[in-house]
Amino acid sequence: MIESKLRPQVVLWWGIGLTVGGLLATTVLPRLAYGMMPAVSGANGVDQGLLTGLAYIVQLITQIVPPLGVALIGASVVMAYVRRLLAPVPDRVVTGNEKGAAPVE
């Protein structure tokens, strides 16, 4: 049987990374863009076009990446729970000392 590389711990770390990365990108990208624009040139068509394009990219990141990360964190919790429920139970050997066990002859 092929072993899956999709493990709860991997999904959890991807979820944390996407959530934190998305929030940092949402916070840092607009400030970097406005900081890189030259103040002496004023707002011409090229500057406004670049800022508008960056604003669309930041909105896309804001609306997709952090919620996806949070969903992956939740999925990893569910995966870990289901894996624990579906784990095979080891066979027990009845020694006769247990309450309710059949007598050994």
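The values are calculated or read from the model by the stated rules, or taken from the named source; none is laboratory data. Model, not experiment: these values are computed from the prediction. Here Cβ is always computed from backbone atoms with ideal geometry, including for glycine, and neighbour counts include all displayed protein chains.
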Check whether at least one residue in segment 2-11 is surrounded by 13 or more Cβ atoms within 10 Å (Cβ to Cβ), of a type in the set (A, V, I, L, M), in a helix (DSSP H, G or I) and at pLDDT 90 or above, and report yes or no. yes
Only one of 66, 88 is outside any helix (DSSP H, G or I), out of contact with any Cys (no Cβ under 6 Å at 6 or more places or on another chain) and either within 30 Å of residue 15 (Cβ to Cβ) or modelled with pLDDT of 85 or more (or both), namely 88
